[in-house]
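The block underneath contains the structure these notes are about, expressed in structure tokens.
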Amino acid sequence: MAMAASSGGGVQSSPNATPMIDVMLVLLIIFMVVTPALMAGFTATPPQAVNLKDHPEDENLDQVLGIDRDGKYYLNKKPIRAEDVGPMLKQIYDARTEDKILYLKADKGLDYSKILDAIDLAAKNGVRVTGMISEQKPGTISTVAGDTKASAPVGKAPGAGGTP
């Protein structure tokens, strides 16, 4: 805070906003540079379907194994070497007493044998259940009860009867 003496003899205080603005601009620039780097970790286009129920991801409990179109592995959006997938899954799931679920998110153009290899590798390293992640087909809405992503209908829901 800057202090300035006024002509009336009293002390007048006013905040000096210049250093605060400088700090905020630096932070803004840092976040603008770092955010795209964080999002660039895993790029895959999962298969699309209709009537999917969204799954809220819990970063502390849920483990997501990703496979991009080139067959590269990612564990929770972080790149991992193919030979390290098994030992890392074993380390994670051996420490758990329950909830040994792994979510698999793979690119839709990936050869299915690579997906089967990943499921087999997970099963051999402590995973009891493997869930596949897919996305809602564009232009459709989910009619599943309890789906939080179901919004105002874009068109007639698939399988819905009646006339438009």
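Of note:
- Of the residues making up the stretch 130-139, those that are surrounded by fewer than 14 Cβ atoms within 10 Å (Cβ to Cβ) and farther than 14 Å from Gly66 by Cβ are Pro138, Gly139.
- For the stretch 104-129, a residue qualifies if it is surrounded by 17 or more Cβ atoms within 10 Å (Cβ to Cβ), of a type outside the set (A, V, I, L, M) and out of contact with any Phe, Trp or Tyr (no Cβ under 6 Å at 6 or more places or on another chain), and the qualifying residues are Lys105, Asp107, Asn125.
- Scanning the stretch 61-96 for residues that are assigned to a loop (DSSP other than H, G, I, E, B), surrounded by fewer than 14 Cβ atoms within 10 Å (Cβ to Cβ) and not charged (D, E, K, R) yields Leu61, Ala95.
- Lone unmet requirement of (1) in contact with a strand residue (DSSP E or B) (Cβ under 7 Å, 6 or more places away or on another chain); (2) under 26 Å from Asp70 (Cα atoms); (3) modelled with pLDDT under 90 for Ser142: (2)
- Of the residues making up the stretch 124-138, one or more are at pLDDT 85 or above, of a type in the set (Val, Ile, Thr) and more than 30 Å from Pro36 (Cα to Cα).
- Any hit, the stretch 33-50, residues being among the small types (Gly, Ala, Ser) and either modelled with pLDDT of 80 or more or exposed (fewer than 10 other Cβ atoms within 10 Å of the Cβ) (or both): yes
The values are calculated or read from the model by the stated rules, or taken from the named source; none is laboratory data. Since the model is a prediction, treat every value here as computed from it, not as a measurement. Positions of Cβ are generated from backbone atoms using ideal geometry, with glycine treated the same way; all protein chains shown enter the neighbour counts.
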